[in-house]
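The values are calculated or read from the model by the stated rules, or taken from the named source; none is laboratory data. The structure displayed is predicted, hence computed values, not measured ones. So basically every Cβ, Gly included, is an ideal-geometry build from the backbone, and we count neighbours across all protein chains shown.
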Amino acid sequence: MRSPVTRAAPLLPAGSPRIVGIVNLTEDSFSDGGRYLAPAAALEHARRLRADGADVIELGPAASHPGSAPVSAAEERRRLARRSSPPGRARTTSAPTTSQPPTTRLPS
């Protein structure tokens, strides 16, 4: 039987894979238990991930697992703003993981 779904391009683009490092900025993270809440700890972890080969650093200001406490967009923005790179440091591509549009509009 032939599939009714056709694609013009592959699901994943060809080329080199990208590695994403994750820094959770929440107390109830299932993977690290809140080890990176302090700005200095979060920045050090992001730098270590970058040194280990991460192409992108994903910042998680709120847990998304079942039963996690809801976090407002304002709180997500506060958590993210405190983790910006110190002046004079090389910046790495970073992206917040959020379902709230206001969180993605951080001031530059």
Among residues of segment 43-58, those that are in contact (Cβ under 8 Å) with a residue 12 or more places away in the chain and closer than 21 Å to Pro17 by Cβ, counted:
10
Show the residue pairs meeting these rules: Cβ distance below 8 Å; 6+ apart or different chains; first residue within segment 65-82 and within 17 Å of Ile22 (Cβ to Cβ); second residue in a loop (DSSP other than H, G, I, E, B) and of a type in the set (Ser, Thr, Tyr).
Ser68/Thr26; Val71/Thr26; Glu76/Thr98; Arg79/Thr26
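Yes/no matrix, rows are residues, columns are (1) modelled with pLDDT under 70; (2) out of contact with any strand residue (DSSP E or B) (no Cβ under 6 Å at 6 or more places or on another chain); (3) closer than 25 Å to Phe30 by Cβ:
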position: Ser64; (1), (2), (3): no, yes, yes
position: Ser72; (1), (2), (3): no, yes, yes
position: Glu75; (1), (2), (3): no, yes, yes
position: Arg79; (1), (2), (3): no, yes, yes
position: Arg83; (1), (2), (3): yes, yes, yes
position: Pro86; (1), (2), (3): yes, yes, no
position: Thr92; (1), (2), (3): yes, no, yes
position: Pro96; (1), (2), (3): no, no, yes
position: Pro101; (1), (2), (3): no, yes, yes
So which of Gly21, Gly33 is out of contact with any Cys (no Cβ under 6 Å at 6 or more places or on another chain) and at pLDDT 80 or above?
Gly21
I'm trying to understand the selection: among the residues of segment 34-56, which are surrounded by fewer than 14 Cβ atoms within 10 Å (Cβ to Cβ), outside any loop (DSSP other than H, G, I, E, B) and not hydrophobic (A, V, I, L, M, F, W, C)?
Glu44, Arg48
Conditions: (1) more than 21 Å from Pro102 (Cα to Cα); (2) surrounded by 14 or more Cβ atoms within 10 Å (Cβ to Cβ). Ala63 meets all but one. Number of the miss?
(1)
Close pairs (6 angstrom Cβ cut-off, 6 or more residues apart or separate chains): touching a residue at least 12 places away in the same chain (Cβ under 8 Å) and crowded, with 18+ Cβ neighbours inside 10 Å in segment 19-33, of a type in the set (Gly, Ala, Ser) and in a loop (DSSP other than H, G, I, E, B) anywhere
Gly21/Ala54; Thr26/Ala62; Thr26/Ala63; Ser29/Ala63
